[in-house]
Amino acid sequence: MKNAELSLLPDDFFLVDVEDGDTKETYKTLSPTHTPVMLLSFAASKFTEDASNYFKQLFGLGGVDWRMLFLLSLQPNTTAAEASKTFGVDKGTVSRSVSRLTNSGLILSGELHANGRSRGLSLSPSGREMHDQLLAATLNRHHFLMKGFDEAEVKMFCNLLLRFTANLEDLSKLNT
């Protein structure tokens, strides 16, 4: 990577000094409060686990299941492969979710795409009803999570996450 493609922040911004409990030697490691990738990872894991438990208890839906319903609401005829890429989870996990949601009548599988392997997925009428129930519950949770933030902060937060995600996609391209 070229320096122009990297953050202008010094390494020390992301680091903290720690002391080895046995040797009393001091060394540097990532700061849990100044490293956005750590904070985002921790927050995403906690959010996903909590949301999955909540939606499983309330609606009997797993973590990928409720995300599929929201994705298909936004983008009808999305394929399982596209959902896998969007969510950042393996295709097998999405495939199992698609099977559960299809068997429960919440989503419909369309005609084969031109590639002969993929089918577009969409919400069934009962899937739309479930989506609407999820939406109401999600908005309540969303308002709770955004307490103390004003509109400008939420817009900035979203903008920062979108920019971070774009950088992540660029980084992923370098790894392939």
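The values are calculated or read from the model by the stated rules, or taken from the named source; none is laboratory data. Quick caveat, the model's predicted, so the values are computed rather than measured. With ideal geometry, Cβ positions are generated from the backbone for all residues, glycine too; neighbour counts draw on all protein chains shown. Calculation scope for accessible area: heavy atoms of the full protein, side chains included, ligands and nucleic acids excluded. Shrake-Rupley method; radii C 1.70, N 1.55, O 1.52, S 1.80 Å.
For segment 91-176, what does the relative contact order come out to in percent, with C-alpha contacts under 8 Å and a separation of six or more?
15
Compute a Gaussian network model of the chain, connecting alpha carbons closer than 10 Å, and tell me which residue from Ser122, Ser95, Ser52 fluctuates the most.
In this elastic network of the chain, the residue with the biggest mean-square fluctuation among Ser122, Ser95, Ser52 is Ser95.
How many Å² of accessible area per residue for segment 1-157, probe 1.4 Å?
About 69 Å² of surface per residue is accessible.
Tilt of helix 63-74 relative to the longest C-alpha principal axis of the chain, in degrees (0 to 90, nearest 10)?
Value to nearest ten degrees: 70.
Considering amide H positions built from the backbone, and no H for Pro or chain starts, which residues 5 or more places from Gly120, or on another chain, come under 5 Å of its amide H?
Gly110, Glu111, His113
Loop only by DSSP, 10 or fewer other Cβ within 10 Å of the Cβ. Give me the trypsin sites (Lys or Arg not before Pro) in segment 38-147 that pass, ordered by residue number.
Arg117, Lys147
Considering the dipole of segment 75-147 built from charges on the beta carbon (Lys and Arg +1, Asp and Glu -1) around the Cα centre, which of Leu112, Ala80, Phe144 is farthest to its positive end?
The Cα lying farthest towards the positive end belongs to Phe144.
Assuming R0 = 35 Å, what is the FRET efficiency of Leu58 and Leu160, from their Cβ-Cβ distance, to the nearest 0.05?
0.70
Run the quick spin-label model on Asp150 and Ser73: label points 7 Å from Cα toward the beta carbon, then report their separation in nm to one decimal.
Distance between label points: 2.9 nm.
Out of the total accessible area of segment 84-127 (probe 1.4 Å, heavy atoms of protein only), what percent is carbon and sulfur?
Of the solvent-accessible surface of segment 84-127, carbon and sulfur hold 51 percent.
For the chain, modelled as a Gaussian network with Cα springs under 10 Å, which listed residue fluctuates most, Gly148, Gly21, Gly116?
Maximum fluctuation in the GNM of the chain, among the listed residues, is at Gly21.
Which of the lysines could a cross-linker bridge to Lys147, judged by Cα under 21 Å and excluding same-chain residues fewer than eight apart?
Lys46, Lys155
Which option, (1) 15.9; (2) 18.0; (3) 19.3, is the value of Kirkwood radius over Cα pairs in Å that was calculated from these coordinates?
(3)
With springs connecting C-alpha atoms under 10 Å apart, model the chain as a Gaussian network and identify which of Thr138, Thr35, Thr48 has the largest mean-square fluctuation.
Per the Cα network of the chain with a 10 Å cutoff, Thr35 tops the list.
Quick one: check the C-alpha center-to-center distance for segment 95-111 versus segment 142-176, whole angstrom.
Answer, in whole Å: 30.
What is the extension gain from Glu111 to His142, computed as 0.36 nm multiplied by their sequence separation minus the C-alpha to C-alpha distance, in nm to one decimal?
7.6 nm
Taking the Cα centre of the chain as origin, work out the dipole magnitude from +1 charges on Lys and Arg Cβ and -1 charges on Asp and Glu Cβ, in debye rounded to 20.
Its charge dipole is roughly 900 debye.
Using only Cα atoms, find the angle between the long axis of helix 91-103 and the longest principal axis of the chain, and express it within 0 to 90 degrees, rounded to the nearest 10.
Between the helix axis and the principal axis of the chain, the angle is about 30 degrees.
Give the peptides 160-168, 102-110 in descending order of average Cβ contacts within 10 Å, highest first.
With the highest mean Cβ count within 10 Å placed first, the list reads 102-110, 160-168.
Please compute the modelled spin-label separation between Asp50 and Met38, points set 7 Å along Cα→Cβ, answer in nm with one decimal.
For Met38 paired with Asp50, the spin-label model returns 2.0 nm.
Please give the calculated 222 nm ellipticity per residue for the chain, where each DSSP H segment of at least 4 residues contributes -39500 (n - 2.57) and the sum is spread over every residue; nearest 500 deg cm²/dmol?
Result for the chain: -19500 deg cm²/dmol, rounded to the nearest 500.
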